[in-house]
Amino acid sequence: MNVRSILEQKGSDVATVGVDDTVAQASAQLRDRGVGALVVTPDGARIVGIVSERDIVRAVASHGASALGRSVGSVMTSEVVTCGTADTVEHLMTLMTERRIRHVPVADADGRLGGIVSIGDVVNARVRELHLENQALTEYIHQGR
Ligand code: AMP
């Protein structure tokens, strides 16, 4: 199973935020969209960063309530790890484990944003994959009887 098949299931919609938006605005967006991270982009296509719940917790721990007035640009991660639609679920599991990230934006060959895969999507895809494998093996065993 690969990223393309995950996006076919969940769609390519991505929750985004602007670099000059405040941490308070990003927090509201995380709540309203029910997601754990936002891709930072000026135009919905160019990826300039990613901001997750963890970045906001860090900012509040460092700056207290004034963190809410800071810009997204000051708390985001700007070296974004992305994947392509042909990447496999196994590759994403390794990437997320090694880099300790739970969100990977999908970029095309020009680096344009085309979706996002979360650790929840990866777990769902893996469970579906195991279910199908299990079904195929069970059928195979019954055919042999
Ligand atoms: P997360 O596990 O996704 O909540 O994010 C944990 C930390 O990794 C935060 O500092 C995020 O900004 C950062 N992060 C999350 N996803 C990515 C990514 N795809 N590329 C780079 N950093 C990321």
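Total residues in the stretch 68-77 satisfying the condition of being within 14 Å of the ligand (Cβ to nearest atom) and not β-branched (Val, Ile, Thr): the figure is 3.
Out of all the residues in the stretch 17-27, is one or more assigned to a helix (DSSP H, G or I), within 14 Å of the ligand (Cβ to nearest atom), more than 13 Å from the chain's Cα centre (by Cα) and over 16 Å from SER78 (Cβ atoms)? Yes, the stretch 17-27 has at least one match.
The set of residues in the stretch 47-75 that are over 14 Å from the mean Cα position of the chain (by Cα) and closer than 22 Å to ARG99 by Cα comprises VAL48, ASP55, ILE56, VAL57, ARG58, ALA59, VAL72, GLY73, SER74, VAL75.
The lone criterion from (1) in a loop (DSSP other than H, G, I, E, B); (2) open to solvent by 70 Å² or more (accessible area, probe 1.4 Å); (3) not basic (Lys, Arg) left unmet by LEU68 is number (1). Filtering the stretch 84-101 to residues that are in a loop (DSSP other than H, G, I, E, B), within 11 Å of the ligand (Cβ to nearest atom) and surrounded by 13 or more Cβ atoms within 10 Å (Cβ to Cβ) leaves only ILE101.
Take VAL104 and tell me if it is without any contact (Cβ under 8 Å) to a residue 24 or more places away in the chain and within 14 Å of the ligand (Cβ to nearest atom). Yes, satisfied. Considering ARG54, ARG31, the condition of being free of Cβ contacts under 8 Å to residues at least 12 places away in the same chain and within 12 Å of the ligand (Cβ to nearest atom) is satisfied by ARG54 alone. Residues considered: VAL23, VAL81, VAL19, VAL14. Of these, the only one that is closer than 20 Å to GLY115 by Cβ, β-branched (Val, Ile, Thr) and buried (at least 16 other Cβ atoms within 10 Å of the Cβ) is VAL14.
Determine, yes or no, whether ALA109 is out of contact with any helix residue (DSSP H, G or I) (no Cβ under 8 Å at 6 or more places or on another chain), loosely packed, with under 15 Cβ neighbours inside 10 Å and in a helix (DSSP H, G or I). So ALA109 does not fit the description; no. Has the stretch 28-40 got at least one residue that is aliphatic (A, V, I, L, M), over 11 Å from the mean Cα position of the chain (by Cα), loosely packed, with under 15 Cβ neighbours inside 10 Å and assigned to a helix (DSSP H, G or I)? Yes, the conditions are met somewhere in the stretch 28-40. Candidates are the residues of the stretch 125-145 that are of a type outside the set (A, V, I, L, M) and in contact (Cβ under 8 Å) with a residue 12 or more places away in the chain; the one that is least open to solvent (accessible area, probe 1.4 Å) is GLU129.
The values are calculated or read from the model by the stated rules, or taken from the named source; none is laboratory data. Keep in mind the model is a prediction, meaning the values are calculated, not measured. Every residue, glycine as well, gets a Cβ built from its backbone with ideal geometry; the counts of neighbours run over all protein chains shown. Only protein heavy atoms, including side chains, enter the accessible area calculation; ligands, DNA and RNA are left aside. Shrake-Rupley method; radii C 1.70, N 1.55, O 1.52, S 1.80 Å.
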